[in-house]
Every structure is written in C-alpha cells, then in structure tokens.
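Please read the structure below before turning to the comments.
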Amino acid sequence: MNSTGSQQRIMASKSKGKQRGEVLKQEDVIQAIVIADSFNIRFAPVTKKKPKSLFPVANIPLLDYTLDFLVTAGVQEIFVFCCYLADQIRTHIRQSKWSECSSCTITPVLSESCVSMGDALREIHDKSVIRSDFILVYGDIVANIRLQDILNEHKKRREDKTSPKNRNSVMTMIFQKVPPGHRSRNKEDDIVMAIDQSSNRVLHYQRVTEQSKLQIPVEVLTENDNVQLRYDLLDSQISVCSPEVLYLYKDNFDYLNRDDFVKGILINEDIMEKTMHVCVISDGYMGRISNLQMYDAVSHDVLCRWSYPLVPDTQTDEHGQIITHSRHNIYTSEDVTLAKGCVLEKNVLVGRGTRIGSDTKITDSVIGKDCKIGSKVVIENAYIWDNVTIEDNCYVSTSVVCDNVVIYASTSVQPGCVLSWDVEVGPSVKIEAGSRLQSSKVDDDDDFGDELTEADQDTVSIQKYGSKSQAFHYQPPEDSDDEDNDLVQDMWGLNIQSESSTETSSLSEQSSVDEVMLDDEELFYSELLDTMVKAKEDNYTTENLILEINSLKHTYNIAITDLYGLVMKGLIEIPLRDSQDLESGAQLGSIKKNLVKYKPLIDNYIKSEESQLDCLHALEDYALSDSKVNTLLVKLLHIMYDLEILSENILIKWHRMDKEEEYKAIKVQVSPLIKWLEEAEEESSDEEDDSD
C-alpha cells in the first residue's frame with residue numbers, strides 16, 4: 001500500500017515537472033495576434049461579399065501576405081481574429097497552404113459581437129491564449145522587415161533593471177521614415193510624435209488630420225533633455241506587445257483602438273507606471289491597405305518588387321502554376337492568351353486563363369483569373385479581379401473592377417470608380433469619375449432607394465449606365481459616422497484637399513508635385529535597371545547604352561545631378577541582387593567585376609568633382625536604405641578609389657562636410673578609410689619635399 005502511494009507521488013512529481021518544463025518551453029514560443037477586420041465601411045460596397053483581408057493584391061489574398069510576413073519572421077503561433085464574414089476567413093485558412101504549415105500553428109478566433117480592435121483584444125484576453133510578448137498586427141499588412149530583431153530589442157528593454165521606464169515598457173510601435181507627400185502616405189498617416197532620442201521612448205503622440213495646430217504639453221519639452229519631434233514617420237500598425245497590453249485593454253473599455261491605448265498610457269504614465277517605445281526602421285518594406293489609395297500604392301509596390309520576396313513570381317496559385325517575370329515587370333501565368341498587337345507596357349500582372357484581344361494596351365494594372373478582355377481596350381492603373389469581361393473599345397482608368405463584372409463595348413470607366421460584384425455597365429456610356437456601383441437595387445441593411453419604385457430605379461440605371469446595365473449607385477447608410485462617409489468619398493485619395501488656409505493648400509499642392517517627381521524618379525530607376533540588365537544580356541556597346549540611358553533621362557525629366565547617383569546605384573544593385581545568396585567577399589567581387597566592365601560608362605557620367613560628390617551623396621542614401629550596402633560601403637568606396645572613379649581629394653572633402661544626424665554614423669563608419677587616405681597623402685607630400 002505504501003509502495004503504491006510512493007510510486008503515485010513520484011509519478012505525480014514527474015508529471016508536474018514535465019508540465020513545468022512544457023510551460024517554460026511554451027513561453028519561448030513567438031506568438032502573434034492578427035486583427036482580420038477593419039471595423040468600418042470604408043471599402044463598401046466591395047466588402048459586402050468579401051472581407052477586406054481577403055482582397056486580392058497582385059492576385060494573392062491580402063491576408064496571405066500578413067501571414068507570410070509573420071511566419072518568415074519566426075512566429076510559431078498566430079491567432080487570426082475574425083468578425084465580419086468570419087467563415088470566409090476560416091475557410092480560406094483551412095483550404096490554403098497555411099493548413100499544412102509545419103513551422104507555425106494558425107488558429108482562427110471567431111466572434112460576431114466585437115465592434116472594435118479593443119473588443120477583439122478583450123475577447124482574446126478572456127481566452128488566455130497569450131503567454132508572453134506577442135506581435136499585434138492588422139490582417140492587411142504587406143511587409144518584409146526584420147521582425148525578430150525588433151522583438152529581441154523589446155525583450156531586452158524589458159529586462160533592463162537599471163531603468164524603470166525601460167523595464168515598464170508595454171509596447172514597441174514600428175515606424176518607417178517616409179516624408180509627407182510620398183504616395184505611400186495618406187491623410188490618415190499624418191502623425192506628430194515627441195520621442196526621447198536617447199531611449200526611443202514615446203513622450204507625445206498626436207494625429208494631425210484636419211488640425212491646423214499642434215498641442216504638445218509644455219512638460220514634454222521642459223522635463224526631458226533630449227526631445228526629438230518627428231513628422232516624417234509612417235505608422236506600420238505593427239506593434240510588439242507585452243501580455244500586460246491585454247490586461248490594460250480589459251481594464252479600460254474606452255480603449256477602442258491603438259490610438260486610444262497610446263493616449264491612455266501617455267496621460268496616465270505617472271499613475272500606471274507604463275511606457276511605450278518606438279522602433280524606426282530604415283530598410284525593408286511595409287505598407288498597410290487602409291483605403292483604396294493605399295490598395296493602389298501597395299499593389300504597385302508589389303509589382304515593382306519593393307516587397308521582395310513577397311512578389312508575384314515567388315508565388316503559385318491554387319493550381320500550382322508558376323508566374324513568370326519579364327522585363328518592365330510584366331508577370332504572366334502559364335496559360336494566358338495574348339492576341340497579336342496586344343501590348344503589356346510595364347508593371348502588369350495577368351492571371352491564369354485570361355484572354356486579351358488584339359491591339360489592347362495595358363499598363364500599371366493587375367488582371368485577375370479567367371478574364372476576357374476584347375480588342376482595342378485601354379487599361380491604365382486599374383485592378384481587374386476574376387471572371388471579368390471587358391468588351392472591345394473600352395477604357396478603364398484607376399478603378400477597381402470586382403468579380404463577374406461585365407463592361408460592354410465602347411464604355412469608358414473614369415478614374416476613381418469602383419464596380420462591385422456582378423455589376424454590368426454599357427454599352428457606349430461614360431461612367432463618371434468616383435462612381436461606386438453595386439448590382440442590387442436596395443441593400444438589406446439600409447433604406448437607400450425607398451423613394452423610387454423598382455421600375456423607376458431600373459430606368460435610372462439604364463439612363464446613366466447603359467441599355468444592358470445592371471448597376472446602381474451605392475449610398476452609405478445614414479447611421480454611419482461622418483468619418484466613414486468622408487473616407488468613402490475619398491476612397492482613392494483623389495479629392496483630398498485642405499481648406500483650412502491658403503498656406504495649407506499651397507503645401508498640399510507642393511506635396512502633390514513632390515509625389516509626382518518621386519514617382520517619376522522611381523519609374524526612371526526601374527527602367528534604368530531593366531535597361532542595364534538588357535544591355536548585359538544582349539552585349540550592348542557603351543555608346544548604345546549611353547544613348548538608352550540619356551533617352552530615359554529625357555523621358556522622365558531626371559536632373560543630371562540625380563542621374564550620376566542613380567547610374568552608380570544601378571551598377572551596384574544588379575550584381576548585388578544576382579549574388580544575394582553568396583558571402584560578402586563574393587558579392588564584392590561581383591560588384592567590382594561589373595564596375596570594371598562598365599568603367600567607360602561611368603567615366604562618361606562621373607568625371608567632375610561635382611559629379612563625384614553627387615555620386616557619394618547618392619551612395620550615402622543607398623547605404624541608409626539597404627543594410628547590405630551599408631555593411632559593404634567602406635570596401636565599395638575603396639574599390640571605386642582603386643578604379644579611379646573617386647579621387648582621394650573628393651573622398652576627404654566629402655567626409656569633412658557637415659553631416660545631418662542620420663548621416664553621422666556613415667561618417668564614423670568610413671573614417672578608417674579616410675584616415676588611410678590622409679596618411680597616404682601626407683607620406684606622398686613628405687617624399688616630394690625630400691626629393692626637393
């Protein structure tokens with residue numbers, strides 16, 4: 001009897017020890033919460049049949065980009081919170097590659113009662129599934145940043161026993177430096193932050209949408225020695241959180257979103273003794289699709305490969321078909337049919353089973369699966385989803401065309417339009433800019449259209465949208481808040497204009513100009529890379545390559561001072577990209593070989609002191625935006641000095657220039673090379689004196 005009891009106690013002890021070991025092991029698991037609901041109507045009427053997190057971006061569901069980002073970062077448990085049309089999201093996860101993902105467990109969390117992110121986090125808190133620090137992200141993110149490093153930084157900060165403000169940090173928010181006016185920012189992104197520059201602790205946080213004045217508490221400036229005000233940061237809506245975040249949401253029901261949480265922590269910092277920090281990244285890509293303007297911007301970035309490796313040709317569709325990538329960022333599936341005279345200009349993706357007629361021109365657009373596009377059609381900057389029919393002589397610009405839409409012959413769809421599911425328009429009509437059309441007369445959940453009989457509504461549809469039309473104007477529900485209504489009106493960001501003052505209007509106009517200039521430079525550089533690759537493949541002569549580059553310069557109106565740096569950047573990026581899986585020494589060898597080969601081209605552009613300085617300034621910016629180039633920078637400059645691309649006098653002069661704060665690290669980094677050059681110059685001078 002005693003022997004049996006003793007054995008039971010030993011077994012129980014072993015069992016408890018095993019459980020404790022499992023708990024310790026589980027605490028090391030990296031977890032993430034994905035909020036796969038936007039809790040608003042900004043994308044209506046498109047979201048009536050599909051949740052935003054399943055919208056196709058370059059023909060891949062948006063949620064897949066978010067999950068891919070997290071799995072690549074080493075996250076091992078992901079909880080996908082779904083509310084609106086939750087069954088679709090759960091079914092997608094079950095039927096997609098994520099159901100067989102061996103490195104990560106992805107669990108849908110369904111709820112129909114939540115109306116905000118705060119409600120979602122309170123519900124997840126009640127389920128007790130989060131055991132340690134976790135990643136909080138929306139399900140509409142496309143990113144390739146190094147998340148593991150940021151998570152480690154957050155954990156290290158919380159282990160700092162010397163600083164209570166570090167130890168009590170509950171959230172690290174991730175930002176990227178993006179200047180105002182850049183196309184990846186919209187009016188919702190305008191934030192002013194006060195940051196303790198020595199610790200990256202958040203001191204003040206304010207959204208400035210439609211506000212003409214900043215309201216920074218005086219104590220923020222008087223009680224902190226090293227305050228930095230930032231207006232150039234893009235909020236990724238990605239955060240590294242401690243488990244306390246869930247408790248804080250649970251205890252404060254007025255926290256509806258992350259902004260409420262941030263403000264609450266800052267206002268009550270002395271009482272709660274909780275702090276927040278930021279991490280500002282300089283390399284990598286991240287974008288959140290918060291409205292159609294950002295849907296357009298992020299889709300374009302994916303086509304232009306800024307989000308690599310999250311690009312179309314690294315993905316396969318549900319049938320396992322591979323997408324091919326060719327010059328000018330043209331992507332096609334294996335069974336696409338292109339008729340004679342069809343032109344895919346640049347940044348175009350065509351999905352499986354699509355047929356395109358003769359003399360049709362498509363540029364900066366995504367075409368979905370099984371579409372039928374007729375002859376002499378022009379499609380510009382548009383997003384055509386699956387099973388869409390566009391008949392002959394149609395024009396579609398800057399619009400979203402959802403599944404099963406039919407655009408009859410000779411119909412023009414003007415910029416800013418949204419043709420929702422099963423809509424039919426035409427023939428021979430012009431759809432006014434900014435139109436949002438749906439196929440049903442009256443919504444189940446609003447009173448739109450009650451004043452007209454069904455016959456009257458059919459007549460209105462035919463008069464406005466064509467004799468074969470099945471299209472009705474979408475009207476937001478009357479009970480939706482003003483903010484959502486405004487955002488629906490500005491879905492594409494085409495009518496965003498401040499009315500507060502003439503000065504603000506002027507700044508807005510200047511931002512638009514800067515945005516256009518920035519787009520031209522990006523397009524030029526993309527074309528430049530393609531031209532250089534083509535020149536290498538076809539063995540262009542130096543003279544022919546110079547002619548091609550000069551032609552591109554005039555086409556995109558690129559300043560000659562910018563051209564020097566972009567040419568040099570291209571000559572470095574191409575071999576670096578081709579050798580990205582090799583060791584640093586092999587990468588340097590590949591770059592040097594390319595510079596030697598194109599030395600005559602370099603000499604044509606970089607031959608004066610001013611051009612050398614322009615080249616160095618461009619390399620500085622390149623190094624700040626690319627960690628690999630930053631690592632190789634000193635040796636790159638040494639190679640360029642050895643090849644007599646850069647002179648020692650210019651290198652020394654460049655190094656002695658006053659540097660802005662962000663460039664000071666580079667100045668320190670290249671100091672050994674500059675010191676060696678200065679010593680060599682002194683020895684040469686001494687030898688000349690001795691000879692005299």
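The values are calculated or read from the model by the stated rules, or taken from the named source; none is laboratory data. Predicted model, so just to flag it, every value in this text is computed and none were measured. Please note: Cβ atoms are built from the backbone with ideal geometry, for glycine as well, and neighbour counts cover all protein chains shown. Calculation scope for accessible area: heavy atoms of the full protein, side chains included, ligands and nucleic acids excluded. Shrake-Rupley method; radii C 1.70, N 1.55, O 1.52, S 1.80 Å.
The calculated FRET efficiency for the pair SER608 and ARG207, based on their C-beta separation and a Förster distance of 56 Å, comes to about 0.75. A simple count of charges around TYR383, restricted to other residues whose Cβ falls under 14 Å of its Cβ and scoring Lys, Arg +1 and Asp, Glu -1, yields -3. Between ARG656 and VAL596, the FRET efficiency estimated from the beta carbon spacing at R0 = 35 angstrom works out to 0.75.
Extension gain for LYS675 to ASP149 (0.36 nm times residue separation, less C-alpha to C-alpha distance): 186.1 nm. Extension gain for the segment GLU432 to THR107, taken as residue separation times 0.36 nm less the Cα-Cα distance, is 112.7 nm to one decimal. All other residues whose Cβ lies under 13 angstrom from that of ILE141 are scored, Lys and Arg at +1 and Asp and Glu at -1, for a net of -3.
Once the Cβ-Cβ distance of GLU244 and SER163 is raised to the sixth power relative to R0 = 25 Å, the FRET efficiency obtained is 0.90. Inter-label distance, VAL29 to GLU682: 6.2 nm, where each label sits 7 Å from its Cα along the C-beta direction. Descending by average beta-carbon neighbour count within 10 Å, the peptides 403-412, 628-637, 545-554 line up as 403-412, 628-637, 545-554, the highest first. Measuring against 29 Å, Cα to Cα, the residue pairs LYS155/LYS635; LYS534/LYS607; LYS376/LYS536; LYS607/LYS635 contain LYS155/LYS635; LYS376/LYS536 as the ones spanning a longer distance. Surface analysis of segment 43-121 yields an accessible area of 38 Å² per residue, using protein heavy atoms and a 1.4 Å probe.
Along segment 189-200 the Karplus relation, 6.51 cos²θ - 1.76 cosθ + 1.60 evaluated at θ = phi - 60°, assigns HN-Hα couplings of 8, 6, 10, 10, 10, 10, 10, 6, 5, 6, 10, 6 Hz to successive residues, with x for each Gly and Pro.
Summing Lys, Arg as +1 and Asp, Glu as -1, what charge do residues with Cβ under 12 Å from the Cβ of GLN669 carry, GLN669 excluded? Result for the local shell: +3.
The overall shape of segment 125-175 is oblate: from the C-alpha gyration tensor, with semi-axes ordered a ≥ b ≥ c, the ratio a/c is 1.5 or greater and a/b is no larger than b/c.
Straightening the chain between LEU229 and THR324 buys 29.7 nm, computed as 0.36 nm per residue apart minus the Cα-Cα spacing.
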